[in-house]
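A quick write-up on the structure given underneath.
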Amino acid sequence: MIAYLSGKILEKDANLLIVDVGGVGYEVTIPLSTFYELGETGEDVSLRIHTVVREDAFALFGFKTIREKELFLHLISVSGIGPKSAITALSGMSADEIISAIRQNNLARLNSIPGVGKKTAERLVIELRDKIAKLAGIASEEMKSQGIPQSSGDEVYDDAISALINLGYQRSAAEKALKQAMQEGTELSVQKLLRRSLQLLAKG
């Protein structure tokens, strides 16, 4: 099983990264929290990896920190939460916010994650409240607001819409949040617009 990758960024998108390791390109699904931390194409990158092997697929999920990977593993241990839902959760909320929502029995907050219904939110709280206690005591790393060069408004908008839809949000809701973020004067970079749009979507 692949547990760690270190190489150079070959290609990157909001939800997907291709890492060149000795001439072999590994496609890795990542949450936005990891995307925010990435450098430019061609720069070095190191990721903690969780490998999922199925009869019809071999998938890699990558994380910048051990803490995020451990939280991801806790999330997918709950019935009804698959890798895609866990990645969406880590994209829409920080690790601290997810841990806090589970420990405080905040079902409404957990319900805001696309694909997580009321019963699944309840299972998250019941099954993980005690298990994630140790994660709550580990200080989270500060997000870096660097990495993506400025692009044209249309290109940034299209990339951000695509990322939100891939995370499970309806196009109409994604467009509304994104337009509001742009009207607020949020900087025209994919990661900043996504961060603000996700905040607005979480508020409903």
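Only the coordinates and a few stated rules stand behind these numbers; no lab work does. As the structure is a prediction and not an experimental result, all values here were calculated from the model. Cβ coordinates were reconstructed from backbone atoms using ideal geometry, including for glycine residues, and neighbour counts include every protein chain displayed.
Overall shape: oblate for segment 153-203, with the ratio a/c of the largest to smallest alpha carbon gyration tensor axis at 1.5 or above and b/c at least equal to a/b. Applied to segment 56-72, the Karplus parametrisation 6.51 cos²θ - 1.76 cosθ + 1.60 on θ = phi - 60° returns per-residue 3J(HN,Hα) values of 10, 7, 9, 10, 10, 10, x, 9, 6, 10, 4, 4, 5, 5, 5, 5, 4 Hz, with x for Gly and Pro. List the residues of segment 20-48 whose backbone N lies under 16 Å from a point placed 7 Å from the Cα of residue 10 along the Cα-to-Cβ direction. Once the point is set 7 Å along Cα→Cβ of residue 10, 20-30, 41-47 turn out to lie under 16 Å by backbone N, inside segment 20-48.
For segment 4-63, the convex hull spanned by the alpha carbon atoms encloses 77 Å³ per residue.
Per-residue ellipticity at 222 nm, computed for the chain from helices alone with -39500 (n - 2.57) per DSSP H run of at least four residues, works out to -13500 deg cm²/dmol. Each part reduced to its alpha carbon centroid, segment 92-116 and segment 157-204 end up 19 Å apart. Sorted on the mean count of surrounding Cβ atoms within 10 Å across their residues, most packed first, peptides 173-181, 46-54 read 173-181, 46-54.
Coupling constants for segment 24-40 follow from the phi torsions by the Karplus curve (6.51 cos²θ - 1.76 cosθ + 1.60, θ = phi - 60°), and in residue order they are 10, x, 9, 8, 10, 7, 10, x, 4, 4, 7, 4, 4, 8, 6, x, 7 Hz; glycine and proline get x. For segment 85-97, backbone phi angles converted through the Karplus equation (6.51, -1.76, 1.60; θ = phi - 60°) give residue-by-residue couplings of 5, 5, 5, 4, 4, 6, 8, x, 9, 6, 4, 4, 5 Hz, Gly and Pro being listed as x.
Site pair residue 105 and residue 173 shows an inter-label distance of 2.5 nm when each label is modelled 7 Å from Cα along Cα→Cβ. Shape analysis of the chain yields a ratio of the Cα radius of gyration to the Kirkwood radius, Rg/Rh, of 0.95. Here's the picture: a label point sits 7 Å out from the Cα of residue 1 along the beta-carbon direction, and within segment 46-76 the residues with their amide nitrogen under 11 Å of it are 49-53, 73. A simple count of charges around residue 85, restricted to other residues whose Cβ falls under 14 Å of its Cβ and scoring Lys, Arg +1 and Asp, Glu -1, yields +3.
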